[in-house]
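The values are calculated or read from the model by the stated rules, or taken from the named source; none is laboratory data. Note that the structure is predicted; figures quoted are calculated from it, not measured. All Cβ positions, even for glycine, are placed from backbone atoms using ideal geometry, and neighbour counts span all protein chains on display.
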Amino acid sequence: MGDDHAVVRDGLRTILEASGGIACLQADTAEAALELLDQKVPVDVVLLDITLPGMSGFDALGEIHSRRQRSHLSLTKHCGAGGARRQSGRHPPLP
């Protein structure tokens, strides 16, 4: 799970682990998430925030897909105060 907000990571981890049989790895940047994936631990699902600092979740998505053919990938989006959104110019605008 890659999200730069600890409260989001902790909340999702709590919910997922409470459902049983799920262990969560956490990272606060896309680069840190890629490092975790490079450790070759079994991963079934990857959750990434779109607007991570540094490499965006969109850019990390492509990198992860090329490294891990069998993982299910999902991007998340939440707006902070003021609802500001950051976009990568290579991807379509968010709704």
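Out of 10, 38, 49, one residue alone is over 17 Å from residue 77 (Cβ atoms), charged (D, E, K, R) and at pLDDT below 90. It is 38. With the structure loaded, tell me whether residue 64 is assigned to a loop (DSSP other than H, G, I, E, B) and modelled with pLDDT under 90 or whether it fails that test. So residue 64 does not fit the description; no.
For the range 1-30, a residue qualifies if it is part of a helix (DSSP H, G or I) and either in contact with a strand residue (DSSP E or B) (Cβ under 9 Å, 6 or more places away or on another chain) or of a type in the set (A, V, I, L, M) (or both), and the qualifying residues are 6, 7, 8, 9, 12, 15, 16, 18, 30.
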